[in-house]
Amino acid sequence: MDRYGLIGFPLEHSFSKDYFNNKFAAEGIDAEYVNFPIASISELKNVIQNNPDLKGLNVTIPYKEQVIPYLDKLNEDARLIGAVNVIRIKRKKKKTKLKGYNSDIIGFKQSIEPLLKPYHERALILGTGGAAKAIYYGLQQLGLKATYVSRQKKSDEILTYSELTQEVMQTHNLIVNCTPVGMWPKSDECPAIPYQWLTSKHFLYDLLYNPDETLFMEKGKEQGAFVKNGLEMLLLQAFAGWMIWTKEKNNEEL
């Protein structure tokens with residue numbers, strides 16, 4: 001039986017295990033999907049060694065960037081983004097090779113592109129982690145200019161929440177939340193943007209999907225903004241990850 005899995009910490013919130021095991025059961029695929037909650041990325045080596053039937057892994061918080069030094073190769077998207085959420089494992093004789101991919105960018109682009117309007121030209125990305133980096137490059141590929149927003153001033157290219165003036169909010173009418181702020185069980189929290197300056201031309205996209213409507217989305221709707229959660233992106237990136245693991249052209253040598 002083939003095995004796939006997820007590394008991250010913690011993993012109680014994860015959707016992947018149920019999604020893939022339901023998929024395997026429904027499609028008669030002889031495989032299982034297992035969670036590997038590792039407290040340090042250095043434990044990845046043990047996961048690979050102790051599971052000889054492991055064909056692929058998903059990577060979630062906080063290891064999307066930390067995992068890169070443990071991989072043998074990156075595909076172009078993952079290299080540009082600097083973050084990995086899918087690993088393909090190839091074993092030949094006594095050698096094991098790991099190649100990293102980023103399916104977040106695929107899922108995000110497929111999810112958001114049909115919803116963009118001509119006036120969506122500039123975006124604010126809340127957060128600077130691995131998921132935020134995928135969103136940044138996805139927006140670039142869709143022709144939008146994007147700016148990161150962080151709680152701390154990390155560089156001149158990154159805004160802090162206190163720098164979100166009315167002018168900034170008016171000129172950036174797509175806002176993507178890539179932080180865990182507002183995720184269950186802390187669903188009474190939301191990113192500290194000035195919601196009073198949102199309009200009906202704003203589009204608030206939350207990568208979170210639990211709860212279905214986050215406080216970030218709720219406060220956006222109150223101002224007339226269009227809102228969307230991350231469930232569709234999650235499904236699309238999961239399917240993209242499955243294709244990376246299994247499609248025929250991926251049988252090349254690493």
Legend entry - Residue among TYR209, TYR195 that is over 29 Å from LEU74 (Cβ atoms), of a type in the set (Ser, Thr, Tyr) and not assigned by TED's automatic domain parsing to the domain that holds LEU98: TYR195
Inset, instruction - Name every residue in region 148-158 that is surrounded by 15 or more Cβ atoms within 10 Å (Cβ to Cβ) and in contact with a helix residue (DSSP H, G or I) (Cβ under 9 Å, 6 or more places away or on another chain), in order of residue number. - result: TYR148, VAL149, SER150, ARG151
Legend entry - Subset of region 59-104 [over 18 Å from TYR4 (Cβ atoms) and in a strand (DSSP E or B)]: LYS73, LEU74, LYS92, LYS95
Legend entry - Residue list for region 182-191, restricted to those being within 21 Å of SER162 (Cβ to Cβ) and touching a residue at least 40 places away in the same chain (Cβ under 8 Å): PRO191
Inset, instruction - Evaluate region 111-131: report whether one residue or more is acidic (Asp, Glu) and in the same structural domain as ASN177 (by TED's automatic domain parsing). - result: yes
Legend entry - Any strands (runs of 3 or more DSSP E) falling wholly within region 159-254 and containing at least 1 residues that are surrounded by fewer than 16 Cβ atoms within 10 Å (Cβ to Cβ) and of a type in the set (S, T, N, Q): none
Inset, instruction - Considering every residue within region 53-72, establish whether at least one is among the polar types (S, T, N, Q) and surrounded by fewer than 15 Cβ atoms within 10 Å (Cβ to Cβ). - result: no
Inset, instruction - Within region 142-157, count every residue that is modelled with pLDDT under 95 and closer than 14 Å to LEU124 by Cα. - result: 2
Legend entry - Failed item in (1) assigned by TED's automatic domain parsing to the domain that holds LYS228; (2) surrounded by fewer than 18 Cβ atoms within 10 Å (Cβ to Cβ); (3) touching a residue at least 60 places away in the same chain (Cβ under 8 Å); (4) under 21 Å from GLY241 (Cβ atoms), with LYS97 passing the rest: (1)
Inset, instruction - Any chance you could count how many residues in region 173-190 are touching an Asp or Glu at 6+ places or on another chain (Cβ under 9 Å) and not hydrophobic (A, V, I, L, M, F, W, C)? - result: 3
Inset, instruction - Give region 123-147 a look and list any residue that's of a type outside the set (A, V, I, L, M) and under 13 Å from ILE81 (Cβ atoms), or say none. - result: THR128, GLY129, GLY130, LYS133, TYR136, TYR137, GLY138, GLN140, GLN141
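The values are calculated or read from the model by the stated rules, or taken from the named source; none is laboratory data. A quick note: this is a predicted structure, and the numbers were derived from the prediction, not measured. Positions of Cβ are backbone-derived with ideal geometry, glycine not excepted, and every protein chain shown enters the neighbour counts.
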